[in-house]
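The values are calculated or read from the model by the stated rules, or taken from the named source; none is laboratory data. Treat the numbers as computed from the prediction; the structure is a model and nothing was measured. A quick note on method: Cβ atoms are made from the backbone with ideal geometry, for glycine too, and the neighbour counts reach across all protein chains shown. The accessibility values were calculated without ligands, DNA or RNA, using every heavy atom of the protein model including side chains. Shrake-Rupley method; radii C 1.70, N 1.55, O 1.52, S 1.80 Å.
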Amino acid sequence: MAPAPSALITGITGQDGLYLAELLVAKGYDVHGLIRGQNNPKLGLVRELLPTVTLHNGDLTDMSSLIRALRESDPDEVYNLGAVSFVAYSWEQAALTTDVTAKGVLNMLESLRLHCRDDLGRVRFYQASSSEMFGKVQDVPQHERTLLWPRSPYGVAKVFGHHMTINYRESYGMHASSGILFNHESPRRGPEFVTRKVSQAVARIHLGLQDELVMGNLDAERDWGFAGDYVEAMWLMLQQPVADDYVIGTGETHSVREFVETAFAHVGIDDWERFVRFDERFVRPAEVDQLIGDAAKARDVLGWKPRVSFTELVSLMVQADIEAFRAGWK
Ligand code: NAP
Ligand code: G4F
């Protein structure tokens, strides 16, 4: 019998890292994760959800820790999901964002190149690229050949990582793929992102625990999908004989206003405007006005398509938060 394939995931404590690790464990992989910090607050959660996963201490800014994690895990596949991923925060700590989200990709690719030595195609690499790279969009919808025009330090950092991944593929023949993923959400989404901020607030308002929701730009439009669907696309990319880049999105766009309206509708509130207040603090120095992905290549080559609709996504997030807050009362 062939040995179980193995995978190393950076960013295993994040939304996507948890879903991807669960998917790979279910597929029989020997899963390894990189975890940073001397006392990471997510360690308990990872151990509880993923008891069979082996964790390695490391940080994307510390190349020797990456080389060590590769040596210890000896993976067939590496998924580089680790990043400073909150766009608004990237203006406040642009240098840190660059070190982790941009240079961290180079550190990982270079560590992998050294690890693989003379068999550079041996380990397959996935880079978590982002629709934020399209920024001031030059095509509607956006596809793999759309010109990149990032609008935030985060977007600029992701462009670096994206091109570096392509460069290592072209320079060294590495099996390095880049997934250009549009926004994907879930009950595991960090509370700083707009969808979870809204789902938590609506749940709390419904339960009488909060009376207002303070928001920034309600006109921005995003192509929102369910994270559980999107990690399958990551895995499918690394199962292809030839590495490539793929856009992953639903092909639908909705405004933040629509998200808020749909979330309130889930708890039976139609006159939602009375709960929502605007605050300049949440407006960004430069905005990405509209994102909508054309995932035709992923559909045709990978056979991937999203399963969860926009309305289902909003409802499942609000409902999960209602249940979580209720459970907290017990
Ligand atoms: P997330 O929940 O914010 O998770 C980010 C992960 O990166 C966390 O595990 C975090 O670890 C880790 N990390 C941060 N700094 C690190 C460092 N210096 N070294 C190693 N790891 C570090 O993000 P996500 O939503 O799961 O997204 C996963 C990846 O996809 C990210 O690269 C993100 O930029 C990209 N992406 C996300 C979306 C989306 O809509 N979710 C769309 C396109 C691309 P700690 O827990 O220790 O902080
Ligand atoms: O939820 P967001 O913070 O996500 P954003 O900026 O689109 O970035 C996410 O998706 C990217 C893929 O396109 C990822 F690469 C990235 O890592 C991250 O996962 O904000 C969405 C929109 C923005 O236009 C923002 O201005 O919501 C608007 N917004 C309005 N009020 C708000 C708020 N965003 C947040 N976080 N908080 C608000 O109060």
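In nanometres, what is the gap between the two model label sites at residue 270 and residue 172, each 7 Å from Cα along Cα-to-Cβ?
The two pseudo-label positions are separated by 6.0 nm.
If you stretched the chain out fully between residue 149 and residue 210, how much longer would it get, using 0.36 nm times the residue separation minus the C-alpha to C-alpha distance?
The residue 149-residue 210 span can extend by a further 18.1 nm.
Using Cα pairs closer than 8 Å and at least 6 residues apart in sequence, work out the relative contact order for the chain, in percent.
Worked out over the chain, it gives 17 percent.
Mind checking which of 125, 46, 135 is farthest towards the positive end of the stretch 1-154's charge dipole, using Cβ charges of +1 (Lys, Arg) and -1 (Asp, Glu) about the Cα centre?
135
For 305, 197, give the ranking by accessible area with the largest first, probe 1.4 Å.
305, 197
Report the extension gain between residue 242 and residue 277 in nm, rounded to one decimal, defined as 0.36 nm multiplied by the number of residues separating them, less their alpha carbon distance.
Value of the extension gain: 7.7 nm.
Using a probe of 1.4 angstrom, how much of the accessible area of the chain is carbon and sulfur, in percent?
Here it works out to 50 percent.
I want to check the label-to-label distance for residue 217 and residue 309. Put each point 7 Å from Cα in the C-beta direction and report it in nm to one decimal.
Here the answer is 2.9 nm between the modelled labels.
Could you name the aspartates and glutamates in cross-link range of residue 42, using Cα to Cα under 17 Å and dropping any fewer than eight places away on the same chain?
Correct list for residue 42: 16, 22, 59, 192.
If you count only protein heavy atoms and use a 1.4 Å probe, how large is the accessible surface of residue 146, to the nearest 10 Å²?
10 Å²
Given points 7 Å out from each Cα along the Cα-Cβ axis, report the residue 93 to residue 49 separation in nanometres with one decimal.
In this crude spin-label approximation the distance works out to 2.1 nm.
Using a 1.4 Å probe, how large is the accessible area of residue 113, given in Å² and rounded to the nearest 10?
Here the residue's solvent-accessible area equals roughly 70 Å².
Given that compact globular proteins tend to follow 2.2 N^0.38 Å, what is the ratio of the alpha-carbon Rg of the stretch 169-254 to that value?
1.47
Please report the accessible area of residue 53 (heavy atoms, 1.4 Å probe, ligands and nucleic acids excluded) in Å², nearest 10.
10 Å²
Can you list residues whose amide H is under 5 Å from residue 56's amide H, if they're 5+ apart or on another chain and H is modeled 1.01 Å from N?
33, 34, 35
Please state the charge dipole magnitude for the chain, taken about the Cα centre, from unit charges on C-beta atoms (+1 on K and R, -1 on D and E), reported in debye and rounded to the nearest 20.
680 debye
Given 37 °C and 0.692 mPa s, compute D for the chain with the Stokes-Einstein relation, Rh being the Kirkwood radius over Cα pairs; round to the nearest whole µm²/s.
In µm²/s, the coefficient is 161.
Please work out the C-alpha center-to-center distance from the stretch 56-82 to the stretch 83-139 and express it in whole Å.
Value for the Cα centre distance between the two parts: 14 Å.
Report the antiparallel proportion of the DSSP beta bridges in the chain as a percent, rounded to a multiple of 5.
Counting DSSP beta bridges with both partners in the chain, the antiparallel share is about 5 percent.
Under the classification rounded if a/c is under 1.5, otherwise prolate if a/b is larger than b/c and oblate if not, where does the stretch 261-330 fall, given a ≥ b ≥ c as square roots of the Cα gyration tensor eigenvalues?
Oblate, since a/c reaches 1.5 and b/c is not below a/b.
Can you tell me the length gained on complete extension of the stretch residue 296 to residue 71, counting 0.36 nm per residue apart and subtracting the Cα distance?
77.3 nm
Just check the stretch 246-290 against the gyration tensor rule for me: Cα atoms, a ≥ b ≥ c as the square roots of the eigenvalues, rounded for a/c under 1.5, and otherwise prolate or oblate depending on whether a/b exceeds b/c.
Here the stretch 246-290 falls in the oblate category.
Ranked from the most accessible area to the least, with a 1.4 Å probe and all protein chains present, what is the order of 235, 304, 149, 91?
Result, largest first: 149, 91, 235, 304.
Which residue, 12, 205, 166, has the most motion in a Gaussian network model of the chain that connects Cα atoms within less than 10 Å?
205
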